[in-house]
Amino acid sequence: MSSENGRFTLANPSPLGLLGFGMTTVLLNLHNAGLIKLSVVIVAMGFALGGGAQIVAGIMEFFKNNTFGATAFTAYGLFWWSLILIWFNPFPGIEAADLTSMGWYLLGWGVFTLLMFVGTLRLNRGLQVVFLSLATLFFLLAAGDFTGMVEITRVGGVVGIFCGLSAMYCSLAQVINELYGKTVLPV
């Protein structure tokens, strides 16, 4: 936080949120693609960086009066926390999630993401790529769960790796471009 003309300003929280989203999305989708096992590495990153960092970034976006960023980062941060709760099911007497309920969960996130993608049409191309690939990922994962076809989930995993890497690129582009005061990495 700095003071300009007697007013406090906040740093841009978007790179933190995009990095948190991107790194955890890559990790989870390495699992969805069948390349690594679901382990504490994914859960811990999902809780800390995917959940925590995105929620912090989302709250900071509220203070910057950025409704899109506040909604996106806070929602996807809470997505990570809800996913971890689903995996661990700490609620005695509540049935664990099955493929059909997970399909509906992922479909709901896909619809939300597709509508958020419409918002990115007023933003930069990099965010359009992130949100369109994320919507595609959610729809593929939902289809994989609804049908029980692991091959669809594997394709979703590959899309998810691309999505996460594109979010990491957008994050680092914002940091580097701000530091150099010019477009070094286009978004």
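Could you check Ile152 against (1) under 20 Å from Thr71 (Cα atoms); (2) in a helix (DSSP H, G or I) and say which number it fails?
The single condition Ile152 does not satisfy is (1).
Could you check, for region 46-59, whether at least one of its residues is under 19 Å from Gly110 (Cα atoms), in contact with an Asp or Glu (Cβ under 9 Å, 6 or more places away or on another chain) and crowded, with 17+ Cβ neighbours inside 10 Å?
Among the residues of region 46-59, not one is under 19 Å from Gly110 (Cα atoms), in contact with an Asp or Glu (Cβ under 9 Å, 6 or more places away or on another chain) and crowded, with 17+ Cβ neighbours inside 10 Å, which makes the answer no.
Here's the yes/no breakdown for (1) touching a Phe, Trp or Tyr at 6+ places or on another chain (Cβ under 6 Å); (2) in contact (Cβ under 8 Å) with a residue 12 or more places away in the chain:
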{"site": "Phe131", "(1), (2)": "yes, yes"}
{"site": "Met149", "(1), (2)": "no, no"}
{"site": "Ile152", "(1), (2)": "no, yes"}
{"site": "Gly157", "(1), (2)": "no, yes"}
{"site": "Gly164", "(1), (2)": "no, yes"}
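Could you check how many residues of region 93-119 are part of a loop (DSSP other than H, G, I, E, B) and either aliphatic (A, V, I, L, M) or within 19 Å of Cys170 (Cα to Cα) (or both)? Write out each step before concluding.
Step one: list which residues in region 93-119 are part of a loop (DSSP other than H, G, I, E, B), which gives 93-98.
Still in the running and either aliphatic (A, V, I, L, M) or within 19 Å of Cys170 (Cα to Cα) (or both): 94, 96-97.
Total satisfying the criteria: 3.
Quick test for you: out of Phe68, Phe91, Phe73, pick the one residue that is at pLDDT 95 or above and over 12 Å from the mean Cα position of the chain (by Cα). Please lay out each step first, then the result.
Working: Phe91 fails: at pLDDT 95 or above; Phe73 fails: over 12 Å from the mean Cα position of the chain (by Cα).
Being at pLDDT 95 or above and over 12 Å from the mean Cα position of the chain (by Cα) holds for just one of Phe68, Phe91, Phe73, which is Phe68.
Within region 69-92, which residues are among the polar types (S, T, N, Q), assigned to a helix (DSSP H, G or I) and loosely packed, with under 15 Cβ neighbours inside 10 Å? Working first, answer last.
At the first step, the residues of region 69-92 found to be among the polar types (S, T, N, Q) are 71, 74, 82, 89.
Filter again for assigned to a helix (DSSP H, G or I), leaving 71, 74, 82.
Correct list: Ser82 only.
Kindly indicate which of Leu78, Leu107 is among the hydrophobic types (A, V, I, L, M, F, W, C) and over 18 Å from Ala142 (Cβ atoms).
Every option except Leu78 fails the conditions.
Examine region 58-68 for a residue that is part of a helix (DSSP H, G or I), of a type in the set (Ser, Thr, Tyr), closer than 21 Å to Phe112 by Cβ and touching a residue at least 60 places away in the same chain (Cβ under 8 Å), and state whether such a residue exists.
No, that holds for no residue.
Has region 134-145 got any residue that is crowded, with 22+ Cβ neighbours inside 10 Å, modelled with pLDDT of 95 or more and either among the aromatic types (Phe, Trp, Tyr) or at positive phi (or both)?
Yes; the residues of region 134-145 include at least one that is crowded, with 22+ Cβ neighbours inside 10 Å, modelled with pLDDT of 95 or more and either among the aromatic types (Phe, Trp, Tyr) or at positive phi (or both).
Residue pairs, Cβ under 8 Å, 6 or more apart or interchain, first in region 94-123 and modelled with pLDDT of 95 or more, second of a type in the set (D, E, K, R) and crowded, with 17+ Cβ neighbours inside 10 Å. List them.
So the pair list comes out as Leu99/Asp145; Thr100/Asp145; Met102/Asp145; Gly103/Asp145; Leu106/Asp145.
Can Leu127 be described as among the hydrophobic types (A, V, I, L, M, F, W, C) and buried (at least 22 other Cβ atoms within 10 Å of the Cβ)?
Judged against the criteria, Leu127 is a match.
The values are calculated or read from the model by the stated rules, or taken from the named source; none is laboratory data. This is a predicted model, so every value here is computed, not measured. With ideal geometry, Cβ positions are generated from the backbone for all residues, glycine too; neighbour counts draw on all protein chains shown.
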